[in-house]
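Structure record follows, encoded as structure tokens.
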């Protein structure tokens, strides 16, 4: 049984999917189904390394912020009514926080390179968070974007030679697929809110950036991945059934993620590949 729990498919897909499914079903009446994304991520963290945060390495900082994000999201959903400034505000704050996450890596570079890399990372994380949070009122689009971001970032990380980061990304992606599945089977939309979208956007941004710094993920693969939240905005007739909307919205989002994965794969082959 112990061997079963250390299998990568179990850690990155099966258990996160089940965790996301349970959260989506049981917490939907409380308008907390948005916790499904972090439920899947937390399941992977527990199975891979456990909840250990000392010493506070770069990856552990990613884990810590990823686990804190839904608490911030719940507070935001309950405390105030979102405005046009909500998404860019969260993006700016967490984009700035990303510099702290990768500070140890940035300190190893020349000043000019550190400023350029740190600024690029902040912009990428801010973009992912900001555009993900704009989907907070549409659970199908939010779920499709998170599914594609998690799966795409995870596969790209594996191609970039980082299995652990890949498992973490796939975990919140497969949990997001459970979030979508419940809506497809019931034919009813659920509530995503800032709880879901903030978590998904932050994890996608930080895990993608971590793979760039700590593995071999090319920057242009991240540039393509940044278009996933935009692809999830594809127009879909409101009269379509929920399952049809999920398929129609997920397809272009996954397509963009697939292009990013292809770029990561080509980079892993090297110039002579």
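The values are calculated or read from the model by the stated rules, or taken from the named source; none is laboratory data. Values in this document were obtained by computation on a predicted structure and should not be read as measured data. Cβ: placed from backbone, ideal geometry, glycine included. Neighbour counts: every protein chain shown.
Out of all the residues in segment 95-107, which are surrounded by fewer than 16 Cβ atoms within 10 Å (Cβ to Cβ) and either free of Cβ contacts under 8 Å to residues at least 24 places away in the same chain or not in a helix (DSSP H, G or I) (or both)? Result: 103, 107.
In the set 147, 131, only one residue is farther than 20 Å from residue 21 by Cβ, touching a residue at least 60 places away in the same chain (Cβ under 8 Å) and either under 12 Å from the mean Cα position of the chain (by Cα) or surrounded by 19 or more Cβ atoms within 10 Å (Cβ to Cβ) (or both); that residue is 131. Output yes when any residue across segment 49-64 is over 24 Å from residue 124 (Cβ atoms), part of a helix (DSSP H, G or I) and modelled with pLDDT under 95, and no when none is. Taking every residue of segment 49-64 in turn, none turns out to be over 24 Å from residue 124 (Cβ atoms), part of a helix (DSSP H, G or I) and modelled with pLDDT under 95. For segment 108-136, a tally of residues being at pLDDT 95 or above and assigned to a loop (DSSP other than H, G, I, E, B) returns 3. Residues in segment 78-94 that are free of Cβ contacts under 8 Å to residues at least 40 places away in the same chain and either within 17 Å of the chain's Cα centre (by Cα) or in a helix (DSSP H, G or I) (or both): 78, 79, 89, 92, 93. Only one of the listed residues (234, 256, 224) is at pLDDT 95 or above, surrounded by 16 or more Cβ atoms within 10 Å (Cβ to Cβ) and closer than 17 Å to residue 142 by Cβ. That residue is 256. Between 79, 96, the distinction of being at pLDDT below 95 and farther than 30 Å from residue 254 by Cβ belongs to 79 only. Filtering 35, 18, 26 for residues that are over 18 Å from the mean Cα position of the chain (by Cα) and either assigned to a helix (DSSP H, G or I) or crowded, with 21+ Cβ neighbours inside 10 Å (or both) leaves a single hit, 26.
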